[in-house]
Amino acid sequence: RMALPLSVTSAVLGRKKISFIGPLIDSVDAVQGNYRGPVSYGQDDVTLYWGFKAVLDDMKRKLQENPEYLFALDDTGTIPGVTVDVELRKMHGCEGASYNRYGDNYLLTPSSNVLCDDDSQMQAAAELAAASDDVVLVVGMDTTWEGEQPTGDRLDILLPPGQVKLIDAVLSRIEKSGAKVLVHLVVIGGSALDLSSYEHDDRISSIVWAGYPSQAGGRALANLLLGIDPLTAAPIDFSGRLTTTWYSQSYFSEFADPEHSLLDMRMTKTSTSPGRGYRYYSGPNVVYPFGHGLTYTQFDVAILPGTLSPQITVTNPSKRKASYVQLVYGETQGKVSASGGSSRHLQLCNFYRLEVEAQSDYTLQIECDGAYPDPVSREKLSPRHLQMPDGSLRKL
């Protein structure tokens, strides 16, 4: 919805108010995930809130060292007197409490805020949001909610009810106030969640999946939200693509045994399973397809006619250099297993990452990588489809 990158410069309009709200805004565990070692610098830099604050401090310091620094932060140049002027606030909005999911042997501890079942701060957080210019609303999971431990198997792919309640409270209060507040939903976690309720909610300006971004995750997220590298003032853009398919909770009703659907690991479509992933599932319950990933730049992609091998021209019409990732698919013969499971006849066969200068274009010859052959014939595939950043396919 073109709500990012965040603007943190101010001249005439006064100080910018940015509020971090959510149970995971300053959680070290949520940022680091599992399989981690000790952090190599102060924990304050690790979390999303403190990482963002550290990046703002870097920007202010650079401005003091070089008054021309801010010219690089604006596509059109900067008005004299503009400063990095941000009032940064934070509030959890809800807290976690001990919660017995699997009997007396397994207990989520009070140190985990994921459950968000203590809502005594929720109304105050909603008021704070309504008095902001931008809200970074951080929700999702940590390793108490998913993982390889006995309590790590989720029973569904929904956000915890307390977090859903917090999101609703923030959005409703902003809507009631009539204030023009941009809400950026940042989701932490190592696997998919059903975000279908928010994908088309006009009250949410952007949705960012942060994964478990590790000890530098707070700074990295700040760089992406601001659209710059604060140390060099070079532009930064989102360019990642989803490596999995994100479903709605309704997907599991398509299994013959919905109660145990999460335990059915077969990828192919069978009499009891609708199939999984872009190759084997063609049903309606996909929120974000494999390969989805938007950028700040709206690239124009043209397929060139009359070429022996497919060629495309990628045009960057913006005033900033940007990265573009092109996924390429071939078509398989369809049968992929002895049991007769059938694919959608699509297979990722290559991808290209391009750095396209501002207001320029890049012509690219498309081919499939021989390392990803047809699973039946073992022959090299021919390129047949391009995937756009919004997940849609274009036939070559």
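The values are calculated or read from the model by the stated rules, or taken from the named source; none is laboratory data. Bear in mind the structure is a predicted one, so any value in this text is a computation, not a measurement. Glycine gets a Cβ as well: all are built from the backbone with ideal geometry, and neighbour counts include every protein chain shown. SASA here: full protein model, heavy atoms, side chains in, ligands and nucleic acids out. Shrake-Rupley method; radii C 1.70, N 1.55, O 1.52, S 1.80 Å.
Brief remarks on what is shown
- Annotation: of all residues in region 1-28 being more than 26 Å from Q123 (Cβ to Cβ) and at pLDDT 80 or above, the one that is farthest from the chain's Cα centre (by Cα) is V28.
- Among the residues of region 287-311, those that are loosely packed, with under 14 Cβ neighbours inside 10 Å and on the phi < 0 side of the Ramachandran plot comprise Q298, D300, A302, L304, P305, T307, L308, S309.
- Test: D257 is over 29 Å from S205 (Cα atoms) and open to solvent by 50 Å² or more (accessible area, probe 1.4 Å): yes
- Residue match in region 152-175 (condition: among the small types (G, A, S), in a loop (DSSP other than H, G, I, E, B) and surrounded by fewer than 21 Cβ atoms within 10 Å (Cβ to Cβ)): no
- Screening P284 on (1) closer than 23 Å to E146 by Cβ; (2) open to solvent by 40 Å² or more (accessible area, probe 1.4 Å) shows it passes everything except condition (1).
- Qualifying residue in region 267-277 (condition: more than 30 Å from H385 (Cα to Cα), buried (at least 18 other Cβ atoms within 10 Å of the Cβ) and over 18 Å from the mean Cα position of the chain (by Cα)): no
- From L354, L396, residue being in contact with a His (Cβ under 9 Å, 6 or more places away or on another chain), of a type in the set (A, V, I, L, M) and more than 21 Å from T245 (Cα to Cα): L396
- Among the residues listed as D142, D133, the single one being of a type in the set (D, E, K, R), open to solvent by 20 Å² or more (accessible area, probe 1.4 Å) and either out of contact with any His (no Cβ under 8 Å at 6 or more places or on another chain) or at pLDDT below 75 (or both): D133
- All positions within region 190-247 that are open to solvent by 20 Å² or more (accessible area, probe 1.4 Å) and assigned to a helix (DSSP H, G or I): S196, S197, E199, R219, A220, N223, L224
- The residues in region 341-365 that are of a type outside the set (G, A, S), crowded, with 18+ Cβ neighbours inside 10 Å and more than 13 Å from V301 (Cα to Cα) can be counted, and the count is 5.
- Residue pairs meeting the criteria (Cβ under 9 Å; at least 6 apart or on separate chains; first of a type outside the set (D, E), in region 109-124; second surrounded by fewer than 16 Cβ atoms within 10 Å (Cβ to Cβ) and modelled with pLDDT of 90 or more): L115/P161; C116/P161; C116/V164
A quick yes/no check of all residues on (1) touching a Cys at 6+ places or on another chain (Cβ under 9 Å); (2) not polar (S, T, N, Q):
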residue: N113; (1), (2): yes, no
residue: Q123; (1), (2): no, no
residue: A130; (1), (2): no, yes
residue: D153; (1), (2): no, yes
residue: P161; (1), (2): yes, yes
residue: K165; (1), (2): yes, yes
residue: V181; (1), (2): no, yes
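- Those residues of region 145-182 which are over 21 Å from H92 (Cα atoms), modelled with pLDDT of 90 or more and under 20 Å from the mean Cα position of the chain (by Cα), in sequence order: I157
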